[in-house]
Amino acid sequence: MSGINRPAALNRTLLGTVGALLLGGGVALLVAHYGHLPGVDADSTLVPGSAAPPTWVFWTVLAGAVVLGLLCLRWLLAQVSRMPRARIWETKGTEYAGATILESTIAAAPVATDIETYDGVDSASAWLSGTRTAPELHLVVTAEPSADITALRHRILDHAVARLRAALEVEVVTVTMELRFVARDHRVARVQ
């Protein structure tokens, strides 16, 4: 699994578990409805009696619904920001007193700007994570359908990433790249 999509394993696990529970519950209800579930009478009522339940039952159900709603909202918000958070790097020199402080978003912005100037590229986004000595570059590049992907990949690695390595004064930058293509309908709409 790529580092660009870290919550994917958790998402699949949770969605698979919830889906299996809902499917199992639905099958159990159908089996009970047709009277094939041992110990359950198909003609009996769901709850005994006709009196309203105590007030605390309503408040418990309401509290459970609110908690479930907040958990769902948190999950949705996690899907929006799937990229790593910006980091602040501090570099201390041996020759001079003091330190240089650099936000990873500021270091990543020129990389995206460089890539956007390449032939066949519509847009690019870049994020840096990791430590100052072992940075990780995450790229999302949107290319034209006619772009030469191999040449584009080599150009990104040989030019943009090489310039970033030189600027950060590191030997290796780990790169993950997600390549997207511009939809033809989107391109036509943009031209008009």
Using DSSP to define loop residues, name the chymotrypsin sites (Phe, Trp or Tyr not before Pro) in the range 28-71 whose beta-carbon has at most 16 other beta-carbon atoms within 10 Å.
-> Y34
Amide H contacts under 5 Å for M177, placed H, 5+ residues apart = L139
Taking amide H positions as placed 1.01 Å from N in the peptide plane, with prolines and chain starts having none, which residues 5 or more places from A143, or on another chain, fall under 5 Å of its amide H?
-> D122, R180, F181, V182
Any residue on another chain or 5+ positions along whose placed amide H is under 5 Å from the amide H of G130 is listed here as E136
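FYI, it's all coordinate maths here, none of it is from the lab. Small disclaimer: the values here were computed from a predicted structure and weren't measured. All Cβ positions, even for glycine, are placed from backbone atoms using ideal geometry, and neighbour counts span all protein chains on display.
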